[in-house]
Amino acid sequence: MRPSRELIGIVTPGRGLGADRMARSDVRDQLLQRLGFDTVPGTLNVRLPGPFDPGPTSRYLAAEEISPAWEAETGQAGYFLVPVIVAGRYRGIALQADEPGYPPDQVELICEVHLRSALDLNDGDSIVLSVPPAE
């Protein structure tokens, strides 16, 4: 079995859109179906030292799979979803929006816990994400 890949990033402020979008029932239903676990509404923004490589464990969630109007509402065509273990203990997903101008070195984390609270995180703190190998 290949070892997991580690990504180390820096917590950054977001635009405040993640909590509203992640609280929508259509989004939560799709994520629960695909992930097999529920997530806390909201995202944690993380900047990586270089462009994010989704790798072989990624899945793509197209905007129309969430809602027919999702792309028109958000400007996002979809999301690259990569399972991660956050700080060695929490199941999560690193997602990168398929959106013009989305920073290539940024991911947003959705998780089974509120990461800022659970890990006492502030903007500028480091965070470690482990990407399990492809099965």
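The values are calculated or read from the model by the stated rules, or taken from the named source; none is laboratory data. What you see is a predicted model, and the numbers here were worked out from it, not measured in a lab. Cβ placement follows ideal geometry from the backbone for every residue including glycine, while neighbour counts extend to all protein chains displayed.
For the range 46-66, enumerate the residues that are in contact with a Leu (Cβ under 8 Å, 6 or more places away or on another chain) and assigned to a strand (DSSP E or B).
Passing the criteria: VAL46, ARG59, TYR60, LEU61.
Would you tally the residues in the range 83-135 being in contact with a helix residue (DSSP H, G or I) (Cβ under 9 Å, 6 or more places away or on another chain), closer than 24 Å to GLU64 by Cα and assigned to a loop (DSSP other than H, G, I, E, B)?
Counting residues in the range 83-135 that are in contact with a helix residue (DSSP H, G or I) (Cβ under 9 Å, 6 or more places away or on another chain), closer than 24 Å to GLU64 by Cα and assigned to a loop (DSSP other than H, G, I, E, B) gives 1.
Can you name the condition, by its number, that PRO49 falls short on among (1) surrounded by fewer than 16 Cβ atoms within 10 Å (Cβ to Cβ); (2) closer than 21 Å to ASP125 by Cβ; (3) at pLDDT below 85; (4) of a type outside the set (Gly, Ala, Ser)?
(3)
Collect the residues in the range 69-94 that are more than 14 Å from LEU31 (Cβ to Cβ) and of a type in the set (Gly, Ala, Ser), keeping them in residue-number order.
Result: ALA69, ALA72, GLY75, ALA77, ALA87, GLY88.
Which of (1) of a type in the set (Gly, Ala, Ser); (2) within 18 Å of VAL11 (Cα to Cα); (3) in contact with a Pro (Cβ under 6 Å, 6 or more places away or on another chain) is the odd one out, the single condition SER126 does not satisfy?
With respect to (1) of a type in the set (Gly, Ala, Ser); (2) within 18 Å of VAL11 (Cα to Cα); (3) in contact with a Pro (Cβ under 6 Å, 6 or more places away or on another chain), SER126 is out only on (3).
Out of the residues in the range 10-46 that are at pLDDT 85 or above and within 13 Å of the chain's Cα centre (by Cα), state the one that is surrounded by the most Cβ atoms within 10 Å (Cβ to Cβ).
VAL46
Tell me, yes or no, whether the range 66-76 has at least one residue that is crowded, with 19+ Cβ neighbours inside 10 Å, under 20 Å from GLU6 (Cβ atoms) and out of contact with any Phe, Trp or Tyr (no Cβ under 8 Å at 6 or more places or on another chain).
Looking through the range 66-76, none of the residues is crowded, with 19+ Cβ neighbours inside 10 Å, under 20 Å from GLU6 (Cβ atoms) and out of contact with any Phe, Trp or Tyr (no Cβ under 8 Å at 6 or more places or on another chain).
Looking at the range 67-82, which of the residues that are part of a helix (DSSP H, G or I) and of a type outside the set (D, E, K, R) is farthest from VAL131 (Cα to Cα)?
Taking the candidates together, the pick is ALA72.
Would you tally the residues in the range 47-79 being touching a residue at least 24 places away in the same chain (Cβ under 8 Å) and of a type in the set (Asp, Glu)?
1
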